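Remarks on the structure that follows.
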Amino acid sequence: MKYPTVLGVNIDHVATIRQARGTTYPDLLEAVKEIEKTGAEAITIHLREDRRHIQDMDVPAVMNYTSRRLNLELAATQEMVDIALAVKPSDCCIVPEKREELTTEGGLDVIGQFDRIRSATRQLGEAGVRVSLFIEPDIKHIDKAKEIGAPVIELHTGAYADQATPEGEQHEFERVLKAAEYADSIGIHVNAGHGLHYTNTRQIADISVIRELNIGHAIVARALFVGLKQATEEMLAQIV
Ligand code: PXP
């Protein structure tokens with residue numbers, strides 16, 4: 001049986017354009033409104049420690065405005081946990097963060113940062129937030145996520161998306177497939193995301209145990225030419 005796969009649209013890069021000039025536009029809430037005209041199920045934002053795109057005030061603003069689930073991505077720091085606890089989004093995805101990176105490069109170090117990630121997961125979980133851990137498609141990391149007590153994982157599809165050859169893509173796809181099936185078999189809810197585009201999403205969406213895909217850059221880039229509503233609908237057509 002295949003679980004239905006839903007789409008979370010990451011709107012960080014709408015804020016990237018706004019922050020490039022320090023303007024009040026493009027308005028994040030207008031972006032949410034366009035996305036809500038589609039069947040996308042969640043809105044995803046990442047409050048980075050360097051505040052390069054999403055700003056603190058955006059978090060309650062989007063949370064209060066959207067009628068969809070809000071998935072807040074955050075680093076496992078007490079500052080970020082406190083911000084999340086003040087807003088209590090339905091979902092939080094804990095991600096690794098390095099200031100100098102262009103985007104989230106690689107999954108969480110669930111082995112080396114075990115205590116810190118477990119503390120963040122517990123605090124958020126006790127507040128009723130469903131916590132997801134963004135991890136590499138690796139059995140060892142899935143076992144650690146289970147030990148931490150996370151009900152959800154998001155498998156990092158960056159390595160899959162970055163492959164330049166069909167053989168490389170197939171190899172990375174199989175890693176994602178194996179990891180997803182293993183996680184589901186031990187009772188973890190499996191999401192995936194990063195680097196997914198209009199040409200490589202279907203294969204991941206077709207994995208029977210994948211519940212949700214979080215996609216941002218490709219949709220916001222496509223929206224320049226067709227608008228956010230159509231760009232989201234075109235991605236949904238790859239998923240359902
Ligand atoms: N999932 C997580 C945890 C992320 O950090 C990101 C990037 O912010 C995404 C999904 C979306 O990646 P992309 O913008 O490449 O679609």
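The values are calculated or read from the model by the stated rules, or taken from the named source; none is laboratory data. Note that this is a predicted model, so its numbers are computed, not measured. When we count neighbours, we look across all protein chains shown, and the Cβ atoms used for this are built from the backbone with ideal geometry, even at glycine.
Some values worked out for this structure:
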| quantity | calculated |
| --- | --- |
| From the options VAL59, VAL6, VAL81, residue that is buried (at least 16 other Cβ atoms within 10 Å of the Cβ) and closer than 25 Å to ILE210 by Cβ | VAL6 |
| Residue among MET80, MET57 that is at negative phi, away from the ligand (no atom under 16 Å from the Cβ) and either at pLDDT 95 or above or not acidic (Asp, Glu) (or both) | MET57 |
| One residue from THR38, THR16 being touching an Asp or Glu at 6+ places or on another chain (Cβ under 7 Å) and surrounded by 14 or more Cβ atoms within 10 Å (Cβ to Cβ) | THR38 |
| Check on PHE173, among the aromatic types (Phe, Trp, Tyr), more than 14 Å from the ligand (Cβ to nearest atom) and surrounded by fewer than 17 Cβ atoms within 10 Å (Cβ to Cβ) | no |
| Residue match in the range 121-129 (condition: touching a strand residue (DSSP E or B) at 6+ places or on another chain (Cβ under 7 Å), more than 16 Å from the ligand (Cβ to nearest atom) and over 21 Å from LEU213 (Cα atoms)) | yes |
| Looking only at the range 1-41, and only at residues there that are within 15 Å of the ligand (Cβ to nearest atom) and of a type in the set (Val, Ile, Thr), the one that is farthest from the chain's Cα centre (by Cα) | ILE17 |
| Some residue of the range 109-116 being closer than 20 Å to LEU7 by Cα, touching a helix residue (DSSP H, G or I) at 6+ places or on another chain (Cβ under 7 Å), assigned to a loop (DSSP other than H, G, I, E, B) and among the hydrophobic types (A, V, I, L, M, F, W, C) | no |
| One residue from ILE148, ILE210 being in contact (Cβ under 8 Å) with a residue 40 or more places away in the chain and either within 14 Å of the ligand (Cβ to nearest atom) or of a type in the set (A, V, I, L, M, F, W, C) (or both) | ILE210 |
| Matching residues, the range 151-187, being assigned to a helix (DSSP H, G or I) and in contact (Cβ under 8 Å) with a residue 40 or more places away in the chain | GLY158, TYR160, LYS178, ALA179, ALA180, TYR182, ALA183 |
| Restricting the range 195-235 to residues that are small (Gly, Ala, Ser) and closer than 27 Å to MET1 by Cβ, the residue that is farthest from the chain's Cα centre (by Cα) | SER208 |
| Complete set of residues in the range 176-194 that are touching an Asp or Glu at 6+ places or on another chain (Cβ under 8 Å), under 15 Å from TYR3 (Cα atoms) and either surrounded by fewer than 17 Cβ atoms within 10 Å (Cβ to Cβ) or among the aliphatic types (A, V, I, L, M) (or both) | VAL190, ALA192 |
| The range 151-161: number of residues that are over 19 Å from VAL6 (Cβ atoms) and either within 11 Å of the ligand (Cβ to nearest atom) or not aromatic (Phe, Trp, Tyr) (or both) | 3 |
| Filter result for MET63 (part of a loop (DSSP other than H, G, I, E, B), more than 16 Å from the ligand (Cβ to nearest atom) and not charged (D, E, K, R)) | no |
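Results for (1) out of contact with any Pro (no Cβ under 9 Å at 6 or more places or on another chain); (2) of a type in the set (Gly, Ala, Ser); (3) closer than 30 Å to VAL32 by Cα; (4) at pLDDT 95 or above, shown as yes or no for each residue.
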| position | (1), (2), (3), (4) |
| --- | --- |
| ALA120 | yes, yes, yes, yes |
| GLN123 | yes, no, yes, yes |
| HIS141 | yes, no, no, yes |
| ALA159 | no, yes, yes, yes |
| LEU177 | no, no, no, yes |
| ILE204 | yes, no, yes, yes |
| GLY216 | yes, yes, yes, yes |
| ILE219 | yes, no, yes, yes |
